[in-house]
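Following: one structure in structure tokens, then a few remarks.
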């Protein structure tokens, strides 16, 4: 019966553990199991101690788990946007990636929900009161509501893609794209609305989040197809990855432009707190080595130098890029909060403000990295039990081949 709704391969416990015993696959299995065990241990410690298990404070209330949640939902939105180029907007080179990309979008946002669920004090109570007493003026409420609708839409889209019913998959794909963009720009607005944090406040982040999501989606597609084809690509796949690489290069160039003007406008005029925070960020190694070098420069140089033809090199650069994306998310949260909030005293003496330190605890690292383990495990299950590649007999795919 389930197969009539969502086509799938035979699901057995034996098949789960039956995989090609290559060194890479064995290492990935061990890493995934360790990450899942870490998530479980972090979850138990959180149940025992609550937020006392985390390194967050009243002065620095957002921590690693918020950054990891952003990392996952950015990945999901990016995969959704890039996949829509094919089965929604009919760009030929992207048409056959729909199922794999949308499945990736589903598992990344589910992983993000798993992580953020352990950051929220009462996730069950949150779900109840978000429904019966919605806060329409709250950007965080809007983000949660929109992402819930987004998840539902892309799940239904994946079902219709798997059934090769493209009229409906395109309809739900368009809905998922629009709601996903709305949700993600709303997530950027959570930072942009922080009037008391001049470094974050403004229109930059709602737009920046969409741009960085598309870059993240490109990185993930390179990694997913590198793993799928074991670095030995067909002519059609090489052509697609070249087009994807050129798109990635353009997006990174735009991101560099965005970042240049973000910091220039933050420093210009030496506005207290905003300029201080920007200069602090520009002196940090995590910004230059993580965000700039790994997240932007290495992939951009590889793409520019090879004219997007060095597919294997771009895949390795995409792995570096994903590490850089993590630094972007972590720095985004930390840099927003490092300058202390000051009381509005006018007559009493105040000490000169100093930057606020924050160090994630082992529990936070276990849950955050465990989210990656959840994502890897779900992708492995999807790879083995769902038809993520296009059906060669599908009329949609045959039309693509004929027009080529």
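The values are calculated or read from the model by the stated rules, or taken from the named source; none is laboratory data. Being a predicted model, the structure only gives us computed values, none of them experimental. Because the Cβ atoms are built from the backbone with ideal geometry, glycine has one as well, and the counts that use them run over all protein chains shown.
Restricting the search to region 351-364, which residues are over 14 Å from residue 114 (Cα atoms) and either in a helix (DSSP H, G or I) or touching a strand residue (DSSP E or B) at 6+ places or on another chain (Cβ under 8 Å) (or both)?
Keep residues of region 351-364 that are over 14 Å from residue 114 (Cα atoms), which gives 351-363.
Result: 362, 363.
Residue by residue through region 262-280, note down the ones that are assigned to a helix (DSSP H, G or I) and either surrounded by 11 or more Cβ atoms within 10 Å (Cβ to Cβ) or in contact (Cβ under 8 Å) with a residue 40 or more places away in the chain (or both). Outline the logic, then answer.
Restricting attention to region 262-280, the residues satisfying the condition of being assigned to a helix (DSSP H, G or I) are 262-267, 274-280.
Answer for region 262-280, where residues must be assigned to a helix (DSSP H, G or I) and either surrounded by 11 or more Cβ atoms within 10 Å (Cβ to Cβ) or in contact (Cβ under 8 Å) with a residue 40 or more places away in the chain (or both): 262, 263, 265, 266, 267, 274, 275, 276, 277, 278, 279, 280.
Which condition number in (1) under 30 Å from residue 42 (Cα atoms); (2) at pLDDT below 95; (3) assigned to a helix (DSSP H, G or I); (4) in contact with a helix residue (DSSP H, G or I) (Cβ under 7 Å, 6 or more places away or on another chain) is the one that residue 119 fails?
(3) is the only condition that residue 119 fails.
Restricting attention to region 215-261, which residues are more than 16 Å from residue 86 (Cβ to Cβ) and free of Cβ contacts under 8 Å to residues at least 40 places away in the same chain?
Scanning region 215-261 gives 227, 229, 230, 232, 234, 235, 250, 257, 259, 260, 261.
Select the helices (runs of 4 or more DSSP H) contained entirely in region 1-107, then report the ones holding at least 1 residues which are under 25 Å from the mean Cα position of the chain (by Cα), without any contact (Cβ under 8 Å) to a residue 24 or more places away in the chain and within 30 Å of residue 170 (Cβ to Cβ). If you could, list the steps in order and put the result at the bottom.
Numbers: elements: 2-5, 13-16, 23-49, 64-87.
Where helices (runs of 4 or more DSSP H) fall fully within region 1-107 and carry at least 1 residues being under 25 Å from the mean Cα position of the chain (by Cα), without any contact (Cβ under 8 Å) to a residue 24 or more places away in the chain and within 30 Å of residue 170 (Cβ to Cβ), they are 64-87.
With the requirement that a residue be loosely packed, with under 10 Cβ neighbours inside 10 Å and either in contact with a helix residue (DSSP H, G or I) (Cβ under 6 Å, 6 or more places away or on another chain) or closer than 30 Å to residue 385 by Cα (or both), what does region 31-59 give you?
none
Among 240, 233, 258, 209, which is on the phi < 0 side of the Ramachandran plot and part of a loop (DSSP other than H, G, I, E, B)? Quick ask: steps written out before the conclusion?
Values: 240 fails: part of a loop (DSSP other than H, G, I, E, B); 258 fails: part of a loop (DSSP other than H, G, I, E, B); 209 fails: part of a loop (DSSP other than H, G, I, E, B).
The conditions single out 233.
Among (1) in contact with a helix residue (DSSP H, G or I) (Cβ under 8 Å, 6 or more places away or on another chain); (2) assigned to a helix (DSSP H, G or I), there is one condition residue 178 misses while meeting the rest; what is its number?
Unmet condition: (1).
What are the residues in region 122-145 that are surrounded by 14 or more Cβ atoms within 10 Å (Cβ to Cβ), modelled with pLDDT of 85 or more and part of a helix (DSSP H, G or I), if any?
Matches in region 122-145: 139, 140, 141, 142, 143, 144, 145.
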